[in-house]
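Before any comments, here is the structure.
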Number of protein chains: 4
Amino acid sequence: MIKVGIIGATGYAGVELVRIILGHPQAELSAVGSVSFTGKKLSDVYPSLADCCDMELVSTEEVIARSDIVFACVQHGLSQEFAAQCHEKNVKFIDLGADFRLEEEADYKEWYGLDYTHHELHEEAVYALPELYRDKIKGKTVLGNPGCYPTSIALGLAPAMKNHLVRTQGVVIDSKSGVTGSGRKLTEGTHYPVCNEAFEPYKIAAHRHTPEIEQTLSDLAGEKLKVVFVPHLLPVNRGIVSTIYAHLNPGVTEEQVRGAYETFYADEKFVRVKPAGQTANLRNVKCSNYCDISLHVDPRTDTLIVVSTIDNMVKGAAGQAVQNMNILFGLPEDTGLNMVPTSF
Amino acid sequence: MIKVGIIGATGYAGVELVRIILGHPQAELSAVGSVSFTGKKLSDVYPSLADCCDMELVSTEEVIARSDIVFACVQHGLSQEFAAQCHEKNVKFIDLGADFRLEEEADYKEWYGLDYTHHELHEEAVYALPELYRDKIKGKTVLGNPGCYPTSIALGLAPAMKNHLVRTQGVVIDSKSGVTGSGRKLTEGTHYPVCNEAFEPYKIAAHRHTPEIEQTLSDLAGEKLKVVFVPHLLPVNRGIVSTIYAHLNPGVTEEQVRGAYETFYADEKFVRVKPAGQTANLRNVKCSNYCDISLHVDPRTDTLIVVSTIDNMVKGAAGQAVQNMNILFGLPEDTGLNMVPTSF
Amino acid sequence: MIKVGIIGATGYAGVELVRIILGHPQAELSAVGSVSFTGKKLSDVYPSLADCCDMELVSTEEVIARSDIVFACVQHGLSQEFAAQCHEKNVKFIDLGADFRLEEEADYKEWYGLDYTHHELHEEAVYALPELYRDKIKGKTVLGNPGCYPTSIALGLAPAMKNHLVRTQGVVIDSKSGVTGSGRKLTEGTHYPVCNEAFEPYKIAAHRHTPEIEQTLSDLAGEKLKVVFVPHLLPVNRGIVSTIYAHLNPGVTEEQVRGAYETFYADEKFVRVKPAGQTANLRNVKCSNYCDISLHVDPRTDTLIVVSTIDNMVKGAAGQAVQNMNILFGLPEDTGLNMVPTSF
Amino acid sequence: MIKVGIIGATGYAGVELVRIILGHPQAELSAVGSVSFTGKKLSDVYPSLADCCDMELVSTEEVIARSDIVFACVQHGLSQEFAAQCHEKNVKFIDLGADFRLEEEADYKEWYGLDYTHHELHEEAVYALPELYRDKIKGKTVLGNPGCYPTSIALGLAPAMKNHLVRTQGVVIDSKSGVTGSGRKLTEGTHYPVCNEAFEPYKIAAHRHTPEIEQTLSDLAGEKLKVVFVPHLLPVNRGIVSTIYAHLNPGVTEEQVRGAYETFYADEKFVRVKPAGQTANLRNVKCSNYCDISLHVDPRTDTLIVVSTIDNMVKGAAGQAVQNMNILFGLPEDTGLNMVPTSF
């Protein structure tokens, strides 16, 4: 059994990791960490976990000491030091935050306002989106788990970009995320009477996921590109829908597009390309590791419209992290991840 | 007092009209009509209206016979005959459906699958978006009240199009509508467990509001244009948010854009251009006739992002219809429309 | 025009008062007060109010100085001093908090942990539930506006208690309130992902509204009684539903009960006793000053079940406060309160 | 592997059964049946199940022919014939409907308006609430799976009734159920704009679960009793909360009550008695087979208030049915039922 430790276990991604690891046949929780709640039981903070995980919340040091692999669910800027400690002790490290996602330190500096503190770790680290970078992930010790929005978007555009079906410039991405995406911290915008029966975009063309999105799409397209990315807060608990608009290259047909997507994802268990006539809906991926993608062509404007949806807490965070763990430990990628979506 | 009759009073737009007319100081309900519920009281169908409007639902003929003006809230294809009957009796007619919105019969035929049955009425009729076509509305007897999505979009783009601030082609419109927009009819997609905690686009690049949107924008831009329009079903009762993406023309600055919008709407009571730094949110217009517009420029891609929000039932339907009635009867445009948004 | 000042205008009850006063034909806002936001415009805090109320938030002193009547929407313990200041300046005072609701200082001390600081004001003050205490309200200068739960419950049981139709002891009250009832302050329980798709009772048999409920029911019944009162947090923005269980006295029939309620409320504009076969639903009173009451008898257990629903922000707070103001100023009670419920 | 067939697989309970059986290590889906959708794939009806269960929907006969055990999720009145067919073929049968829940045919007749058609099956059948009737379930071939409300209520009151801690008469049960409880069928009351931001009781003191509730509680109490039962429709997808009010017998203390519950459920994996100071919330049991129970005593009125919450689709339907299947096949009761609640 793989011994799994979680730093920041009381955040939403952390508690979702707990839920998934508890059902994983080859892994067991070795320690759950929290700065704010050290000494309390996890089930005191989340009564949902009573009898399921009554472990005491411990310090980061203890988490690392007890684990074969550590997942960090903490704010950006904090993970590098934890990664270094893990590295020293031969403990694998998966960061669910932003510290190991960007290849260019300049991007990190521009969007997060911080410098890299451990350059050698950044050279070791890999941006761990399994469907795209599986081969690079194997054998690594430090992984940057992708952001929620970028996961939905990279998977949604990969076949089109890779196969040069669309114009690389001028892509518009209109994303909508459930409120767990904003985390456990109380904010005015996530106060129930403010957020319920309401809707608005936020961080318009200024969200920190932008360089991460562009990094992957540029890599796929083979050229540097920029996107317009606008996230919105959706009054649901879970789920992301990204509606993506790209201009079809001349002569490209809907059949060609669909064929390219079906080929690209033919062996991917967690990506479901919807048949023609169906539309991806976040309802259908809830509580699962699936990414559902539907393809639509507007012949009037030669636009490819991709709808890509994931559960932001699973494929967009904890599920994908476990998928990465499985790769690191040589397990079938779907081990412990066969959760059937909840339907309602 | 203006005698107001409503055909299709038991639909959502109809009942919202009732709510507004009941508070209108210069108008009174003369008759409410319904095919399905004739003989019942309106408050039997909507217990919310008990003591407020216990009028009996009557036939279309009776509605017309008792009224100075008739609002029709019926499916497309039915209004032309009602309009003709009103015309004959010198009763003004405002259609909240689609029959009098499109200037080109070819468009109506293509998108609605029907022919015009009363060509002379279509020549008389005007597309009645007051902020844009106020002068054409005055003195008319038949009006086509704009659709909900098109209202949010036309107001959201008018100053930019009119002032040639953005490229006319390649505009992307990602709209999200509350569920009342789907009407009172039971459908699988609006069944609570299907619609709640869910989100998806529908009628992707194929919604019937598309030609109406293009008609107005083309008129504003002074050239024929096409847009990509994708509506989504938002799990809230009321409200539309349209996030609109247009490419800025070379050299156009955010200040210039903001200035153009502020000038364009300086005297418009029902359009609030948000100050820099604020984002339009449907929460702030609920139950009111306001359209809130916020402007955002992405300097990385030279994109203008406009967020335009209305209450789909008020400015997107019943409120705008009453605004049009006020114009037809020479009243101040905001008479009976000073509803303060509900905040929550 | 009555000059109306509001202390605590940025709380939910305060902003609802603003909405109502803005539509009141005989009153005008003279000042809006806030401790936390002094110097800001109210519409900075609530962008919904842009162009509707851009008044600057001022100190309590200024509110009192500019007003004929002051509404206080502040935490218990703070109102007595404000009331005293108003009293001195001949300004009428309506407290939307708890300071002037309880007749017995001992109750206040037991449930709120504070002493009365201005006994003479408490003698002057009246518990201002218009439908029950209208005559006592007239001519007063200090009013205690009832709590939201107690309003729904007192109106729901008054005819039964007054006419001795039910046993006075053993009444069970199971109430459910929308989240605005918890106010504007951020709390874990009202964080969207915690509160959405969730449900629980809180302050079980320990809510501070209990003595207020018992005070009114005891007064109506003519004897001291105790109730079991359990409130629940309902995942909606607005509205309270109280389901009330009382044991019918021997021989009392459903017809008798219905007759008593219809008689009791025959002249009450804001109470709608539903006809047999209908059930009160908070949907039907939203954004209005109505209290809807439905009556149900379980012949198997001789239990009267009363369902009583109000909009917690209107009849449960701001609307009732304006109703009381109308009484104090000799206006028809429904002046400015003819809001038709929103239906959806 | 146990071969599991489901009749009525496209209903909400059916599809939840599919989800659970797909994760069950000792059972496999052998056939899914549907009358309305025969010939379609289950994943055509529920796209959430694509790649998870693409089985074709077949006739009832085929379901029975292929299975070791059949679950029926159909309207009352239809199951008896299916049970008979199963019985003949030595196929075990668990009815998730109401046909095998009531011991007295007279009750069935009174509340469901039908006669028993297969008396010998009713004699064989057992009311299968495992925590209470585990021993009677073993070895049976026909089970009546309890209703959702009755499960929450029986578990919530069993220790109190069994230990004579409360008065048997005068129990008041105020239950609230998520909308999946109303099923997949479109109705006006479950249309999103009607049901969202709304709340009301329904079938007040007239719900068909009443005799089932009374049957179990009478059995536990050792005397015939009647309850007041009022269900409400709660605007959430999943979950039931029952708030139960019972009068404590003289001298019974809160400690005594808590002790009795803890003892009664000491070995029950799926019942979590909350520690003092915590309140059961449906959030904490979502998507799991848990029943959370919290206990509260009102010393002012000597009332025991029990809050009992389950996921109506799991412990209230499909999960409990699988728990029963495990008993019938001699498996540990929690096999395939270790779903950790989702927390959000």
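In region A:185-313, the C-alpha radius of gyration followed by the widest Cα-Cα span (Dmax) gives 16.4, 50 angstrom. Rounded to whole numbers, the Karplus 3J(HN,Hα) couplings from phi for region D:191-201 are 5, 3, x, 8, 9, 6, 6, 8, 6, 6, x Hz, using 6.51 cos²θ - 1.76 cosθ + 1.60 with θ = phi - 60°, and x at Gly and Pro. Axis angle, to the nearest 10 degrees, between helix A:254-264 and the longest C-alpha principal axis of chain A: 30 degrees.
Cα gyration tensor of region A:255-295, axes a ≥ b ≥ c as square roots of the eigenvalues: rounded (a/c below 1.5), prolate (a/b > b/c) or oblate? Cα axes put region A:255-295 in the oblate bin. For the rotation carrying D onto B, the chain D residue whose Cβ lies nearest the axis, with the distance in whole Å, reads D:LEU186, 2. In chain B, the DSSP-assigned H stretches of four residues or longer account for a calculated mean residue ellipticity at 222 nm of -8500 deg cm²/dmol, using -39500 (n - 2.57) per stretch and the full residue count as denominator. Classify region A:215-288 from the C-alpha gyration tensor, please: rounded if a/c falls under 1.5, else prolate or oblate depending on whether a/b exceeds b/c. Taking the square roots of the gyration eigenvalues as a ≥ b ≥ c, region A:215-288 is oblate. Distance from the C-alpha centroid of region D:262-309 to that of region C:1-24: 42 Å, rounded to the whole angstrom.
Across all Cα atoms of region C:171-261, the radius of gyration (one decimal) and Dmax (whole number) stand at 16.2, 50 Å.
Axis of helix D:12-22 versus longest Cα principal axis of chain D: the two differ by about 70°, to the nearest ten degrees.
Taking amide hydrogens as placed 1.01 Å from N in the peptide plane, the amide H of B:LYS40 sits under 5 Å from those of B:LEU57, each at least 5 positions away in sequence or on another chain.
Beta bridges per DSSP, both residues in region A:190-344: antiparallel share near 85 percent.
Label-to-label distances for B:GLY39 across copies, nearest first, come out at 4.0, 6.9, 7.5 nm, using points 7 Å from Cα in the beta-carbon direction.
Peptide C:43-50 is shielded by partner chain Cβ atoms: per residue, an average of 6 of them sit within 10 Å of its Cβ. With N counted as the residues of region A:50-122, its alpha-carbon radius of gyration over 2.2 N^0.38 Å works out to 1.24. For A:LYS269, the point set 7 Å out from Cα toward Cβ sits 2.4, 6.3, 6.7 nm from its twins in the other copies, listed from shortest up.
Roughly what angle does helix B:148-162 make with the longest principal axis of chain B, taking Cα atoms, 0 to 90 degrees, to the nearest 10? Roughly 40 degrees, rounded to the nearest 10.
Around the amide H of C:MET339, modelled in the peptide plane, lie the amide H atoms of C:ASN289, all under 5 Å away and 5 or more residues distant in sequence or on another chain. When peptides D:322-330, B:56-64, C:14-22 are ranked by their average number of other Cβ atoms within 10 Å per residue, the highest-first order is C:14-22, D:322-330, B:56-64.
For region D:1-55, the spread of Cα positions along the three principal axes, ordered from largest to smallest, is 29, 19, 18 Å.
Expressed to the nearest 5 percent, the antiparallel share of DSSP beta bridges inside the protein assembly as shown is 45 percent. The 3J(HN,Hα) values that the Karplus relation (6.51, -1.76, 1.60; θ = phi - 60°) gives for region A:113-128 are, in residue order, x, 10, 8, 6, 9, 9, 4, 5, 5, 5, 6, 6, 5, 10, 7, 9 Hz. Gly and Pro appear as x.
Across peptide C:263-273, the average count of Cβ atoms from other chains found within 10 Å of a residue's Cβ is 1.
For B:ASP51, the accessible area of its heavy atoms, probed at 1.4 Å with every protein chain present, is near 100 square angstrom.
Name the shape class, rounded, prolate or oblate, that the alpha-carbon gyration tensor gives for region B:53-193, where a ≥ b ≥ c are the square roots of its eigenvalues, rounded holds for a/c under 1.5, and otherwise prolate holds if a/b is larger than b/c and oblate otherwise.
It is oblate, given that a/c is not under 1.5 and a/b is not larger than b/c.
Taken residue by residue and averaged, Cβ atoms of other chains lying within 10 Å of the Cβ of B:228-240 number 6. Here the Debye sum runs over all C-alpha atoms of the protein assembly as shown as equal scatterers in vacuum, and log10 of I(q)/I(0) at q = 0.07 Å⁻¹ comes out as -0.77. Beta bridges per DSSP, both residues in chain C: antiparallel share near 45 percent. Here the Debye sum runs over all C-alpha atoms of region C:95-158 as equal scatterers in vacuum, and log10 of I(q)/I(0) at q = 0.15, 0.19, 0.20 Å⁻¹ comes out as -0.46, -0.73, -0.80. Put simply, region D:1-131 fits an ellipsoid with semi-axes of 26, 15, 14 Å; these come from the alpha carbon gyration tensor as the roots of five times its eigenvalues, largest first.
Couplings for region B:43-60, taken from phi via the Karplus curve 6.51 cos²θ - 1.76 cosθ + 1.60 with θ = phi - 60°, read 6, 6, 7, 10, x, 4, 8, 3, 6, 8, 8, 9, 5, 7, 7, 10, 6, 4 Hz in order; Gly and Pro are left as x.
Across the alpha-carbon set of chain D, the Rg to Rh ratio works out to 0.96, Rh being the Kirkwood radius. Take C:GLU56, push a point 7 Å out from Cα through the beta-carbon direction, and compare it with the same point in every other copy: 5.7, 6.0, 7.8 nm, smallest first. Protection proxy ranking for B:34-40, A:137-143, A:307-313, using the average of other Cβ atoms within 10 Å per residue and placing the highest first: A:307-313, A:137-143, B:34-40. For the pair region D:61-89 / region A:195-235, the C-alpha centres are spaced 52 Å from each other.
Taken about its Cα centre, chain D carries a charge dipole of about 680 debye when Lys and Arg each add +1 at the Cβ and Asp and Glu each add -1 at the Cβ.
The values are calculated or read from the model by the stated rules, or taken from the named source; none is laboratory data. Nothing here was measured: the structure is a model prediction, and the numbers come from that model. For neighbour counting, all protein chains shown are included, and Cβ atoms are generated from backbone atoms with ideal geometry for every residue, glycine included. When the accessible area is computed, the model is the full protein with side chains, heavy atoms only, and any ligands, DNA or RNA have been set aside. Shrake-Rupley method; radii C 1.70, N 1.55, O 1.52, S 1.80 Å.
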